[in-house]
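The values are calculated or read from the model by the stated rules, or taken from the named source; none is laboratory data. Quick caveat, the model's predicted, so the values are computed rather than measured. Positions of Cβ are generated from backbone atoms using ideal geometry, with glycine treated the same way; all protein chains shown enter the neighbour counts. Ligands, DNA and RNA are excluded from the accessible area calculation, which covers all protein heavy atoms including side chains. Shrake-Rupley method; radii C 1.70, N 1.55, O 1.52, S 1.80 Å.
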Amino acid sequence: MATPANPGIDVVAAVGLYVAAVAVGLVALGGVAAGASSDGLVALLPTAFTAGLVCGAVVARVTADAVVRFGAWRWRTVACWVPASLVAGGAVVLSATGAVSRGWRLLLLGIAAGAVVLSGWLLSRTTRDAYVGAAIDDRDAVLANWTWYQSGTHAFLIGLGLALFGVGTGASIVVGTPSYRFFLPSIVLVVLGWAPTLSVPTPGGDDLTLFSVSGLEHARADVRAYPDGIVVEPRLIPSYRRFVPWDRIVSVRTTEDRLVLERRWRPAVRCDRSAIEDAEVVRDAIERARRGTAESQTTI
């Protein structure tokens, strides 16, 4: 299917920001390696950022189709992070060889590498979102749509827990004794973020709930089922759509309260049946789509 000529302003901005971050990182690395003064770097870096921002936006407009297709590549995030490894590796080499003493110059290179990582992640997500939109949004073959209530992984809680664990580790190293004030809350946050509702299957087909934090089971995303898979559009803004092909859904089942889509190596997508007009019909439609995909072996 042909992709649209205009990838969207968010993709154009993400490309421009990424190219600007890479330009700043490479210029900073070259300047530090050449022994440029602080005044010289202050003059060079804003110019590199502006030039990269403009050039990236122009490239995104001119090569719109290629930019959108980039979102289909499985290794796009890794590819976007290659320049960051160059900048970080250059900083390590300069420090190890004694060409640059540890100080603000190495800190500058570290910040530049981090900027490339963040902008690369943003570029990966925006191009994927644009690709999903180009491949699916214009189709009229929506099999079903429903609301996904939070009962699986929650990235923010997990990230907060890991950050708190890092702070606790650093504090423990400085103080010399473990800081349980940080470790215990971090473990709780990670557990709740991974699965605020933990349950195990029973022979009768329903799940036995081990514990559930009902306050975290909010409306997480809108889900639409297509012949090729499901599109998950999170309610939280800013966020980006995700496409899950049917070959990554190992089974679909209904319980007394849920429509459950079991995923390979990932927590299941558990949707509240009360938000679905007819869960059995939706399940049957999904099963037919999964069988059709398995027979044709076509995925997006």
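Here are the numbers for this structure:
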quantity: Only one of Arg61, Arg69, Arg76 that is at pLDDT 90 or above and within 29 Å of the chain's Cα centre (by Cα); calculated: Arg76
quantity: Residues of segment 46-105 classified as of a type in the set (Ser, Thr, Tyr) and part of a loop (DSSP other than H, G, I, E, B), total; calculated: 3
quantity: Flag for Gly114 being open to solvent by less than 40 Å² (accessible area, probe 1.4 Å), in a helix (DSSP H, G or I) and modelled with pLDDT of 90 or more; calculated: yes
quantity: Unmet criterion (only one of (1) surrounded by fewer than 16 Cβ atoms within 10 Å (Cβ to Cβ); (2) modelled with pLDDT under 75; (3) among the β-branched types (Val, Ile, Thr)) for Thr169; calculated: (2)
quantity: All positions within segment 109-130 that are over 26 Å from Ala28 (Cα atoms) and either of a type in the set (A, V, I, L, M) or out of contact with any Phe, Trp or Tyr (no Cβ under 6 Å at 6 or more places or on another chain) (or both); calculated: Thr126, Arg128, Ala130
quantity: Qualifying residue in segment 22-30 (condition: in a helix (DSSP H, G or I) and open to solvent by less than 10 Å² (accessible area, probe 1.4 Å)); calculated: yes
quantity: Residues (among the aliphatic types (A, V, I, L, M) and modelled with pLDDT under 70) located in segment 133-151; calculated: Ala141
quantity: Cross-chain or 6+ apart pairs with Cβ under 7 Å, segment 117-133 first and farther than 22 Å from Ser85 by Cα and in contact (Cβ under 8 Å) with a residue 60 or more places away in the chain, then among the small types (Gly, Ala, Ser) and crowded, with 22+ Cβ neighbours inside 10 Å; calculated: Arg128/Gly71; Ala130/Gly71; Tyr131/Gly71
quantity: Flag for Leu44 being farther than 16 Å from Leu109 by Cα, in contact (Cβ under 8 Å) with a residue 12 or more places away in the chain and either surrounded by 14 or more Cβ atoms within 10 Å (Cβ to Cβ) or among the basic types (Lys, Arg) (or both); calculated: no
quantity: Lone qualifier among Thr97, Thr77 - being among the hydroxyl-bearing types (Ser, Thr, Tyr) and open to solvent by 40 Å² or more (accessible area, probe 1.4 Å); calculated: Thr97
quantity: Selected residue (only one of Val100, Val54 is without any contact (Cβ under 8 Å) to a residue 40 or more places away in the chain, in the same structural domain as Gly25 (by the TED database) and more than 25 Å from the chain's Cα centre (by Cα)); calculated: Val54
quantity: Any hit, segment 43-50, residues being under 21 Å from the mean Cα position of the chain (by Cα) and either assigned by the TED database to the domain that holds Arg128 or more than 30 Å from Ala134 (Cβ to Cβ) (or both); calculated: no
quantity: Residue in segment 35-47 that is at pLDDT 90 or above and not aliphatic (A, V, I, L, M) present; calculated: yes
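Here is a yes/no grid of residues against (1) crowded, with 16+ Cβ neighbours inside 10 Å; (2) out of contact with any Ser or Thr (no Cβ under 7 Å at 6 or more places or on another chain):
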site: Phe243; (1), (2): yes, yes
site: Asp247; (1), (2): no, no
site: Val252; (1), (2): yes, yes
site: Glu256; (1), (2): no, yes
site: Arg264; (1), (2): no, yes
site: Arg283; (1), (2): yes, no
site: Glu287; (1), (2): no, yes
site: Arg291; (1), (2): no, yes
